[in-house]
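Beneath this line is the structure, given in structure tokens, with notes to follow.
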Amino acid sequence: MARRIFWLVPAVFVLALAVFWLAQWWRGPVVAAYRVERGPLVQDVVATGRIVTPSRVNVASEITGVVIKRLVDRGDSVRPGQVLLELRGDQAQAERAQARAALQQLVAQTRPQAQAALRSAESALKLARSEAARARAQAVQGAVSQQALEQAEQAQAAAEQQLRSAQAAWVAVRPGGAAEAQLRAALAATEAVQARSVIRAEVAGQVLTRNVEAGDTINPGQVLFTLARAGATEVSLPVDEQNLEHLALGQDATCLTDAYPNRAFAARLTFIAPAVDTASGTIELRLTVARPPAWLRQDMTTSCDIVTGRRRDALVVPNDALRAVAGDRAQVLAWRAGKAVEQAVRLGLRGLVASEVVSGLRPGEVVIADRAVSPGQRVRTRLQGLPAAGASEAAASNEVAGAPR
């Protein structure tokens with residue numbers, strides 16, 4: 001009897017283990033799953049770009065010269081017409097003084113002389129005409145010889161020629177005449193050359209770069225300064241063209257910079273480029289920052305989370321539970337009666353980690369996330385919390401990021 005009991009106990013133990021193992025095998029392996037629940041859902045497009053201004057202006061010289069004074073540095077704000085640097089302009093100043101002196105000589109000396117010569121020629125002609133008329137009258141009476149008459153007429157002709165020359169000289173030097181116009185043009189040309197020796201800002205903005213120092217010799221076209229033109233601060237974002245269907249002007253965004261990751265600022269989508277960059281498959285967006293913080297700098301690396309869709313009460317399913325996604329259609333494996341059952345669903349808002357289920361599932365149902373599970377397979381589930389999308393995680397992927405909030 002004791003020997004039978006000795007063998008019976010192990011046999012019962014082995015049988016119990018076998019029954020337990022068979023029960024576990026029948027129920028299937030433990031797999032990750034989610035419970036589908038209702039809640040708010042926000043869909044985002046997250047991308048990384050840089051802080052920019054509406055435009056940048058390169059300041060260059062039009063002439064060759066030596067820099068004698070630099071008046072601004074990087075970071076300085078400038079206004080239109082403000083002097084940025086000065087070039088040595090000795091030759092230009094001398095040429096300007098020479099042109100000004102020539103103009104003054106015309107006004108003070110050449111013009112009065114021409115006017116006096118004209119009046120003298122008019123008086124001489126008047127006298128020559130009177131003498132010629134008297135000689136003709138006397139010649140008729142026989143009082144003067146023919147030779148004297150011819151001399152009087154020749155004197156009149158000479159006086160007329162002298163008057164024409166004096167008139168031509170006066171026309172050239174009179175106010176508004178050709179000589180004055182020529183001298184004033186020469187003066188303007190020398191003033192323009194001298195003005196080019198002073199480099200000024202054409203627009204209001206901030207100096208981003210400077211590439212010149214006092215003593216440098218510069219050439220025409222050489223970029224001396226780069227100005228960020230004053231205006232609205234913007235964020236330039238290259239976004240994958242696949243996200244275009246989710247984007248619209250006026251959408252709000254929250255931005256973070258790498259330099260200040262805990263200081264968010266608001267922006268709004270105000271520009272979508274009309275063409276896609278064929279090399280990268282991206283399209284440029286511009287977000288306007290209405291109230292840029294004081295610490296914001298040009299070219300800062302910035303991650304922006306653009307809200308493209310929002311639901312206050314959506315049935316949310318994590319994306320890793322979706323299979324065979326095609327447009328707004330997909331398949332899930334629902335856990336029903338201990339088995340994985342294939343279920344077709346229709347999607348609404350879609351994102352990187354979670355999507356809205358419009359039809360095909362009910363709140364409280366459990367969907368399987370393990371890709372190794374096949375339809376009809378018996379499994380046990382280990383429920384997980386719904387995932388959340390972080391901007392820093394989604395920014396690297398440059399995709400639509402949707403998560404329950």
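The values are calculated or read from the model by the stated rules, or taken from the named source; none is laboratory data. If you're wondering where the values come from, they're calculated on a predicted model, not measured in any experiment. All Cβ positions, even for glycine, are placed from backbone atoms using ideal geometry, and neighbour counts span all protein chains on display. Calculation scope for accessible area: heavy atoms of the full protein, side chains included, ligands and nucleic acids excluded. Shrake-Rupley method; radii C 1.70, N 1.55, O 1.52, S 1.80 Å.
The alpha carbon gyration tensor of the stretch 71-131 gives principal lengths a ≥ b ≥ c with a/c of 1.5 or higher and a/b greater than b/c, which makes the shape prolate. Principal-axis analysis of the Cα atoms of the chain puts helix 111-141 at an angle of about 40° to the longest axis. Taking all protein chains together, 64, 110 sort by accessible area into 64, 110, largest first [probe 1.4 Å]. Placing +1 on the Cβ of each Lys and Arg and -1 on the Cβ of each Asp and Glu in the chain, which of 227, 338, 280 has its Cα farthest towards the positive end of the resulting dipole? Of the options given, the answer is 338.
Seen against the Cα atoms of the chain and their longest principal axis, helix 2-27 is set at about 30 degrees. The alpha-carbon positions of the stretch 289-362 define a convex hull whose volume is 149 Å³ per residue. Does the chain come out rounded, prolate or oblate by the C-alpha gyration tensor, with a ≥ b ≥ c the root eigenvalues, rounded set by a/c under 1.5 and, if not, prolate when a/b is larger than b/c and oblate if not? Judged from the Cα gyration tensor, the chain comes out prolate (a/c at least 1.5, a/b above b/c).
In the chain, the longest principal axis of the Cα atoms and the axis of helix 146-173 are about 20 degrees apart. Solvent-accessible area assigned to carbon and sulfur over the chain amounts to 53 percent, based on a 1.4 Å probe. The helix-based estimate of mean residue ellipticity at 222 nm for the chain, built from -39,500 (n - 2.57) per DSSP H run of four or more residues and divided by its residue count, is -10500 deg cm²/dmol to the nearest 500.
Solvent exposure of residue 335, expressed as accessible area, is near 90 Å², computed with a probe of 1.4 Å over the protein chains only. A 1.4 Å probe run over the chain, with the rest of the protein chains in place, finds 57 Å² accessible per residue. Residue ranges 235-244, 133-142, 184-193 sort as 235-244, 184-193, 133-142 when ordered by packing (mean number of other C-beta atoms within 10 Å per residue, highest first).
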